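The values are calculated or read from the model by the stated rules, or taken from the named source; none is laboratory data. This structure is a prediction, so every number in the text was calculated from the model and none was measured. Neighbour counts are summed over all protein chains in view; Cβ atoms, including those assigned to glycine, are modelled from backbone coordinates with ideal geometry. When the accessible area is computed, the model is the full protein with side chains, heavy atoms only, and any ligands, DNA or RNA have been set aside. Shrake-Rupley method; radii C 1.70, N 1.55, O 1.52, S 1.80 Å.
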Amino acid sequence: MQPQADIVIRSSTGSLAESLGLGSSMLTRRIARSLTLGAIVFLAGCMPASDAESGSDGDLLPAFEAEALSVESFRAHASALAHDSMLGRAPGTDGGDMAATYLARSFSQAGLVPPPTDSFLVEVPILSTTVDHTSLEAVLLVDDQRISIAAEQMLATAWRNEDLMALEGPMEFVGHGVSAPGVGWDDFTGRDLAGKVAVAITGLSDTLIGVLPGGPDAYEGTNSAKLSELRKRGAVGAVFVNAEADAGAFGRTRELYSQLPVLSKAWGDPGSLRFGLELGPAASRATLEALRIDQVQAGQEPEATSSPPSVGITLTAAVRAAVVTSPNVVGVVRGSSDEAILISAHYDGYGVGPPDEEGDSIYNGAADNAAGTAGIVELARYFSARTTPPVRTLVFVATTAEENGGLGMRHFFDHPQSGLEEVVLNLNVDGLGFSPPTNDFAVFPMEGTTAIADLAELASELGMAYRGESWHGGMTYAFDHAESLARGIVGLTVWQGSQTREEYLDAERTGGPTHSPNDEYSPQSIDDGIRQHLDLYKIIVEHYADGALIPRIEDESHLRSVGRVEGHTR
């Protein structure tokens, strides 16, 4: 699950590569995928140092000693992927490469075959940029006035492989920056943003909250959605303002993120957007005043007080930019038809980042998403071992950089491999089994496809009824399946619900919040909850793998009007 990931690899004792005397070049990291695993005490008993990319069997990982879809095997995979030795599995780091190696070996031993490239590891080039905020300067140009923005009032993002970000351009106010054709709303009507810097208010107005799926949590209110729209319209920069933000909260956010890399795609056209600025409350008020926009009241649509003057901005900053690589891990169970079902889970996490109150700086990502990745390994074992092959080919993909706007999944679709082009459905696993058994289940997206009735009937076999909650609408594009939806393919992420079964009401819930160092594997998680979630996905995959009618996006659905997620920011 998104948002922005942290890919810092240093801890108080240095990076894993440094501790092992390894460098950080691409070649060294390729070698390290084999060597470092054998050098880590925890994994030494799980995996010999043979080359995972070769697909050789070698000794079985202990996680494969039990039957497929076993709770014991799931636990072994989840605990290995979420262990401190994996350093949070951030893309382009030693920990991320170790996780990919583990999964390539696991896919091989599960009985999958590699894609036509003959390797389970498919490299994804990723642009990593870090703005040097000590060098950041921005000035508003209002007619003949120059208004400098204080450095502590800015959090900047760059999306180009450039060492110096330097830009001057006119600014145009776009309200909240929302385009939602499904509810008849478009803040961009009549605006030509080509070559301009767009200024948008963060969040949503009360009017939009009342009509958008997801209400206050609607996808259209996220900076990611707004950046996607600005890219389509040729804007070169984005400035997000929030005059009512808490100054202390913005300061803490800036301190947390100003030194961390932002990841974006490093293939194809980079698009028009070159930079993004998030402004603190003082700078937001100054910018709105320069544009002659009334003081923005929470939840209200802004109005201009008079014809806006000519307003522009100049911005310069040094940038540390580099292209790194991080692999998707792809394995296949061949079916008898030309159609394929994509079964995905992202393995990347937030790496090593700012420590919590107890000094823990490793963002282990147990629930998000070591658990989901362990789940698709178990599903792979089950379907590759079936005596009857599936009708549809099953393509298992452990994606990288999901926490950075779904870069791994986007690369998978942007670079189709021979024989794997006909994907007709994406079943995505993000979070799995760390809750007690429930009487209900949730589906994302909660509306707009013909899948819900099918899934409700299937889940009834497990005594689970479908129940959608209002906040689910805002999670429609929060997972890797968003890229499938953008391509007109139904993509679904399924969760256990919130109605805990009566006999487990007193059970203690385990694990800390996601996207924090407290998202750690817990052996106290409930076996029956793990089993229920594995079984739920098994019956769904089996249903469609064996030839059932594939769900479609409904003709009038808002899903048809939402493009691919682009320009991801924090």
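Here are a few things to note about the model shown:
Yes or no, residue by residue, for (1) modelled with pLDDT of 90 or more; (2) surrounded by 17 or more Cβ atoms within 10 Å (Cβ to Cβ):
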residue: 225; (1), (2): no, yes
residue: 228; (1), (2): no, yes
residue: 244; (1), (2): no, no
residue: 253; (1), (2): no, no
residue: 263; (1), (2): yes, yes
residue: 269; (1), (2): no, no
residue: 273; (1), (2): yes, yes
residue: 284; (1), (2): yes, yes
residue: 288; (1), (2): yes, yes
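- Residue 434 passes every criterion in (1) open to solvent by 20 Å² or more (accessible area, probe 1.4 Å); (2) in contact with an Asp or Glu (Cβ under 9 Å, 6 or more places away or on another chain) apart from (2).
- Look at the range 143-160: where a residue is without any contact (Cβ under 8 Å) to a residue 40 or more places away in the chain and a partner is open to solvent by less than 60 Å² (accessible area, probe 1.4 Å), sitting 6+ places away or on another chain with Cβ atoms under 6 Å, you get 146/139; 148/139; 151/136.
- Test: residue in the range 106-123 that is among the acidic types (Asp, Glu), touching a residue at least 24 places away in the same chain (Cβ under 8 Å) and out of contact with any helix residue (DSSP H, G or I) (no Cβ under 8 Å at 6 or more places or on another chain): yes
- Scanning the range 445-500 for residues that are part of a strand (DSSP E or B), surrounded by 15 or more Cβ atoms within 10 Å (Cβ to Cβ) and more than 17 Å from the chain's Cα centre (by Cα) yields 449, 466, 496, 500.
- Selection count, the range 432-480, where residues are polar (S, T, N, Q) and within 29 Å of residue 79 (Cα to Cα): 4
- Restricting the range 357-392 to residues that are of a type in the set (Asp, Glu) and in a loop (DSSP other than H, G, I, E, B), the residue that is least open to solvent (accessible area, probe 1.4 Å) is 360.
- Criterion applied to 101, 93 was being under 25 Å from residue 512 (Cα atoms), β-branched (Val, Ile, Thr), buried (at least 24 other Cβ atoms within 10 Å of the Cβ) and under 23 Å from the mean Cα position of the chain (by Cα), and the one residue passing it is 93.
For (1) open to solvent by less than 20 Å² (accessible area, probe 1.4 Å); (2) of a type in the set (Lys, Arg); (3) closer than 30 Å to residue 245 by Cβ, each residue gets a yes or a no:
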position	(1), (2), (3)
72	no, no, no
81	yes, no, no
87	no, no, no
105	yes, yes, no
122	no, no, no
135	no, no, yes
151	no, no, yes
160	no, yes, yes
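- Checked against (1) open to solvent by less than 20 Å² (accessible area, probe 1.4 Å); (2) modelled with pLDDT under 95; (3) not small (Gly, Ala, Ser), residue 428 passes all but a single condition, namely (2).
- Any hit, the range 471-478, residues being under 29 Å from residue 80 (Cα atoms) and either of a type in the set (Val, Ile, Thr) or in contact with a strand residue (DSSP E or B) (Cβ under 8 Å, 6 or more places away or on another chain) (or both): yes
- Residue ID - surrounded by the most Cβ atoms within 10 Å (Cβ to Cβ), chosen from residues in the range 514-532 that are in contact with a Pro (Cβ under 7 Å, 6 or more places away or on another chain) and in a helix (DSSP H, G or I): 529
- Some residue of the range 533-542 being buried (at least 17 other Cβ atoms within 10 Å of the Cβ) and more than 21 Å from residue 426 (Cβ to Cβ): no
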